[in-house]
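Student: Encoded as structure tokens, here's the structure I'll be asking about.
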Amino acid sequence: MSDMVPEVLNAALDSLFTAKEPGQQEYQGVDGLLYCRNCHTPVQCRVKLWGRDKIVPCLCRCQQEAMAEKKRQDELVERKRKIRQLKATGIQEKHILEWNFGVAEDNKDIQMAKRYVEQWKKVKAENLGLLLWGDVGTGKSFVAACIANALLDQGIPVLMMNFSKILNQMGAMYSEERYRYIASFSNYSLLILDDLGIERSTEYALEQVYAVIDEWYKSGLPVIITTNLKIAEIRNPQDVAYARFTALTADGVESWWLTWWIS
């Protein structure tokens, strides 16, 4: 019975791969195989199955190129879809999506931000955060957003949120919900927290911000923070509640943050 298997398969293959007449876009070569009239490469090839030569279909060069191009286009469409999704979840304020290097003045702040993006692999590997500090209206959020959008365009997950929005969302949550909310930030490769300092009005608000920073610090991923506070205020807080938070950030300023004054 087993001896009949190759014969049965050969018969099936013979019926499947019988020689055919050239199609409109094909011609028969001197080797008996069909060729593509466009690229002049074979659309048939010979293979040996169970000791017998079979002529089977194959892809000519232009068919292979067409398939490769389709794959490239499909991957491009999927990449664009992924980036749109990343931007929708990572930046909730639509106007911030327009803040990018393409519309930025090429000053020292933007040059620094570009270097941060260019060296992203090193930044992530070494957990190099960035503290952008300066007076109100000097463009700290804009610089941070340029970094965010540049990385998002590369398909890198970034979350940029204002401290006040985080506090508003956490204010309506139970403690377990707040924990899951903070833990969800680790789905992103970079966290950008905008406007540090607005939470100083209440000890409760400060505790929540401390929890966010502390959890992120433990994740070993970089964070960018913008603030109107001076470095001296961060290192030498005037109130006890804020001192607990700056115990973390002041250490970070020395060891794992790059500080940059936006003027």
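Student: How many residues are out of contact with any Lys or Arg (no Cβ under 8 Å at 6 or more places or on another chain), within 28 Å of Ala125 (Cα to Cα) and small (Gly, Ala, Ser) if we restrict to the range 163-219?
Tutor: Residues meeting the conditions: 4.
Student: Now for a different question. Give the range 98-122 a look and list any residue that's among the aliphatic types (A, V, I, L, M) and farther than 23 Å from Leu221 by Cα, or say none.
Tutor: Val103, Ala104
Student: Oh, and also: Can you tell me which of Ala148, Ala113 is closer than 16 Å to Leu190 by Cβ, in the same structural domain as Leu229 (by TED's automatic domain parsing), at pLDDT below 95 and not acidic (Asp, Glu)?
Tutor: Ala113
Student: For the range 84-95: of the residues being surrounded by fewer than 15 Cβ atoms within 10 Å (Cβ to Cβ) and not hydroxyl-bearing (Ser, Thr, Tyr), which is modelled with the lowest pLDDT?
Tutor: This residue is Gln92.
Student: Would you check if Glu75 is in a helix (DSSP H, G or I) and either charged (D, E, K, R) or surrounded by 10 or more Cβ atoms within 10 Å (Cβ to Cβ) (or both)?
Tutor: yes
Student: Same structure again: If I ask for residues that are more than 22 Å from Ile83 (Cβ to Cβ) and not aromatic (Phe, Trp, Tyr), which ones from the range 131-161 would you list?
Tutor: Once the filter is applied, which keeps residues that are more than 22 Å from Ile83 (Cβ to Cβ) and not aromatic (Phe, Trp, Tyr), the range 131-161 yields Leu131, Leu132, Gly134, Asp135, Val136, Gly137, Thr138, Gly139, Lys140.
Student: Within the group Arg81, Arg115, which residue is exposed (fewer than 14 other Cβ atoms within 10 Å of the Cβ) and under 30 Å from Leu132 (Cβ atoms)?
Tutor: The unique qualifying residue is Arg115.
Student: Still on this structure, please answer the following. Which ones in the range 103-128 are touching a Pro at 6+ places or on another chain (Cβ under 9 Å) and more than 17 Å from Leu152 (Cα to Cα)?
Tutor: Once the filter is applied, which keeps residues that are touching a Pro at 6+ places or on another chain (Cβ under 9 Å) and more than 17 Å from Leu152 (Cα to Cα), the range 103-128 yields Glu126, Asn127, Leu128.
Student: Please list, ordered by residue number, the helices (runs of 4 or more DSSP H) wholly in the range 105-173 having 3 or more residues that are in contact (Cβ under 8 Å) with a residue 12 or more places away in the chain and under 25 Å from Glu78 (Cβ atoms).
Tutor: Because the criterion is at least 3 residues that are in contact (Cβ under 8 Å) with a residue 12 or more places away in the chain and under 25 Å from Glu78 (Cβ atoms), the helices (runs of 4 or more DSSP H) in the range 105-173 that meet it are 140-153.
Rundown of residues vs (1) among the aromatic types (Phe, Trp, Tyr); (2) at pLDDT 85 or above, yes/no style:
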site	(1), (2)
Met160	no, yes
Gly171	no, no
Tyr210	yes, no
Asp214	no, no
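The values are calculated or read from the model by the stated rules, or taken from the named source; none is laboratory data. All figures in this text were calculated on a predicted structure; none of them were measured in a lab. Here Cβ is always computed from backbone atoms with ideal geometry, including for glycine, and neighbour counts include all displayed protein chains.
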